Amino acid sequence: MENTISNQVIGAAIEVHRHLGPGLLESAYEKCLCHELKLRGLSFERQKDLPVCYKGSRLECGYRLDIIVEAVVILELKSVRKLEPIHEAQLLTYLKLSNLKLGLLLNFNVPLMRDGIQRIVNNL
């Protein structure tokens with residue numbers, strides 16, 4: 001299921017990048033990607049709160065998922081010169097906190113979108 005959804009998301013991200021190109025703010029890509037996901041019939045939540053469970057308590061620590069698609073794939077959007085290991089670590093932490101298996105790190109600030117996509121997996 002996650003792979004099918006991730007393939008659909010990647011297609012949507014490529015479509016957004018094809019129309020907008022690199023160089024915009026993450027927020028612009030986020031809105032456009034959400035619109036494209038909607039056009040493709042995918043359900044999603046945007047800027048979803050992600051609590052931290054600590055010693056049996058759920059604590060709101062200000063973490064937010066950029067987008068979660070079909071309640072199973074987390075999307076972390078970037079518009080940076082280069083993805084860094086900290087970006088991968090951030091998404092992996094989000095996957096662990098949410099007990100989900102798959103996330104996509106999408107950097108829109110690249111000449112070709114396929115070069116800005118990284119799959120991050122948790123416990124696979």
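The values are calculated or read from the model by the stated rules, or taken from the named source; none is laboratory data. Remember, predicted model here, so these are calculated numbers, not experimental data. For neighbour counting, all protein chains shown are included, and Cβ atoms are generated from backbone atoms with ideal geometry for every residue, glycine included.
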| query | Under the condition of being exposed (fewer than 10 other Cβ atoms within 10 Å of the Cβ) and over 28 Å from Thr4 (Cβ atoms), which residue from the stretch 26-58 is nearest to the chain's Cα centre (by Cα)? | reply | Arg58
| Across the stretch 51-70, what is the total count of residues that are aromatic (Phe, Trp, Tyr) and either touching a residue at least 24 places away in the same chain (Cβ under 8 Å) or in contact with a His (Cβ under 8 Å, 6 or more places away or on another chain) (or both)? | 1
| request: Kindly indicate which of Val16, Val73 is touching a helix residue (DSSP H, G or I) at 6+ places or on another chain (Cβ under 6 Å), in contact (Cβ under 8 Å) with a residue 12 or more places away in the chain and within 25 Å of Asn123 (Cβ to Cβ). | output: Val73
| request: Of all residues in the stretch 69-121, count the ones that are buried (at least 18 other Cβ atoms within 10 Å of the Cβ) and on the phi > 0 side of the Ramachandran plot. | output: 0
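Test Tyr29 against the criterion of being among the aromatic types (Phe, Trp, Tyr) and over 15 Å from Ile10 (Cβ atoms), and give yes or no.
For Tyr29, the condition - among the aromatic types (Phe, Trp, Tyr) and over 15 Å from Ile10 (Cβ atoms) - is not met.
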| note | With criteria (1) out of contact with any Gly (no Cβ under 8 Å at 6 or more places or on another chain); (2) modelled with pLDDT under 95, Gln118 comes up short on (2)
